[in-house]
Every structure is written in C-alpha cells, then in structure tokens.
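None of the figures in this text is laboratory data; all of them are computed from the coordinates on show. Values in this document were obtained by computation on a predicted structure and should not be read as measured data. Positions of Cβ are generated from backbone atoms using ideal geometry, with glycine treated the same way; all protein chains shown enter the neighbour counts.
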Amino acid sequence: YEELADIYLYKGELDKALKSINFALDLNKESATGNYLKGFILLSKDKVEESIKYLEKSNSIMGNNAEVLRNLGWAYTMAGNTDKGITILRRALIISPNDELIVEDLAMALIGIGEISEGNGLLKKIGKKNIL
C-alpha cells in the first residue's frame with residue numbers, strides 16, 4: 001500500500017495517497033517509509049504540525065536519510081521553528097551535498113530569516129537566480 005500511495009502522490013492525488021498510506025500504517029505503524037510518506041503527504045496538504053509527528057517518527061526509525069531530513073527541516077521551517085528547521089536542513093545537506101532540493105529548501109529558509117547573501121549563494125550553486 002505504500003507503493004500505491006507513492007503512485008497517487010506522483011499523480012497529484014493527495015487524498016487517495018493519504019487513504020492508502022493510512023491503510024499501510026494500520027498494517028505496520030513502525031514503517032519508516034510509511035511514516036515518511038504520511039508526513040510528506042500531510043506537509044503537501046499544509047498540515048505542517050501533523051506532518052512533523054510522522055517525519056520525526058520516520059527519522060527515528062531510519063535516521064540520517066537526507067530526504068526525510070529535508071522534509072522534516074522544511075516542516076519545522078514552515079511551522080515557524082526556523083532555527084531547528086535550518087539545522088536539520090544543514091544536516092541533510094551534509095549527508096547529500098549535491099541534492100538540489102535540499103540546497104533550495106535551505107536557501108529559502110535562510111532568505112526567510114534575512115540571511116539573504118548565504119541563501120543566494122546556495123541558489124547560485126544550483127544555477128538559480130538570486131532572490132531579493
């Protein structure tokens with residue numbers, strides 16, 4: 001059912017993806033992938049606080065996964081806990097230094113707190129235009 005949820009995610013069908021992942025987690029609440037997918041879906045639906053719970057659980061099961069950390073860091077940033085979010089995003093970037101999504105999320109978080117030069121420097125590294 002995790003695979004089905006992933007397919008629905010790819011198709012942009014968030015409600016169907018959420019229904020599938022809920023079923024999968026009913027079968028195995030300790031699935032790192034299942035908890036990650038639920039957190040990602042909830043984050044995509046702007047249910048930021050709820051998403052953190054599932055992303056944290058996924059991270060506790062499958063620690064140091066750059067993709068989990070990217071979404072967890074972004075969720076904390078969106079929830080207003082930018083210091084924690086940026087710290088987690090920096091950790092994700094150390095693990096996966098060439099991941100453009102991590103670089104971009106970290107850049108946006110930094111720009112959001114006024115660290116415009118550092119954020120724009122990161123954007124430049126991935127060929128994106130400066131913001132502000």
Work out the charge dipole of the range 7-111 with +1 on the Cβ of Lys and Arg and -1 on the Cβ of Asp and Glu about the Cα centre, then indicate which of Leu18, Ala92, Met108 is farthest towards its positive end. Leu18
Quick one: 3J(HN,Hα) in Hz for the range 24-31, Karplus 6.51/-1.76/1.60 with θ = phi - 60°, rounded, Gly and Pro as x. 4, 6, 5, 7, 8, 5, 9, 6
Anything over 19 Å Cα to Cα? Flag those among Lys16/Lys45; Lys45/Lys84; Lys19/Lys84, in the order listed. Lys45/Lys84; Lys19/Lys84
Give, rounded to the nearest 20 debye, the magnitude of the charge dipole that the chain has about its Cα centre when Lys and Arg contribute +1 at Cβ and Asp and Glu contribute -1 at Cβ. 180
Dipole size in debye (nearest 20) for the range 79-131 around its Cα centre, Lys and Arg Cβ +1, Asp and Glu Cβ -1? 100
Sequence ranges 106-112, 19-25, 7-13, 71-77, ranked by mean other-Cβ count within 10 angstrom, highest first: 71-77, 106-112, 19-25, 7-13
Per-selection Rg to Rh, the range 64-132 - Cα, Kirkwood hydrodynamic radius: 0.94
Over the chain, the sum of -39500 (n - 2.57) across DSSP H runs of at least four, divided by residue number and rounded to 500 deg cm²/dmol, gives at 222 nm -24000 deg cm²/dmol
Across Ser51, Ser31, Ser117, the residue with the highest GNM fluctuation in the chain (Cα network, 10 Å cutoff) is Ser117
Selection from Leu9, Ile131, Phe40, by position along the positive dipole direction of the chain (Cβ): Ile131
For mean projected area of the Cα convex hull in nm², the listed values are (i) 9.0; (ii) 7.8; (iii) 12.8; which was obtained by calculation from the structure presented? (ii)
About the Cα centre of the range 1-63, how large is the charge dipole given +1 on each Lys and Arg Cβ and -1 on each Asp and Glu Cβ? Please answer in debye to the nearest 20. 60
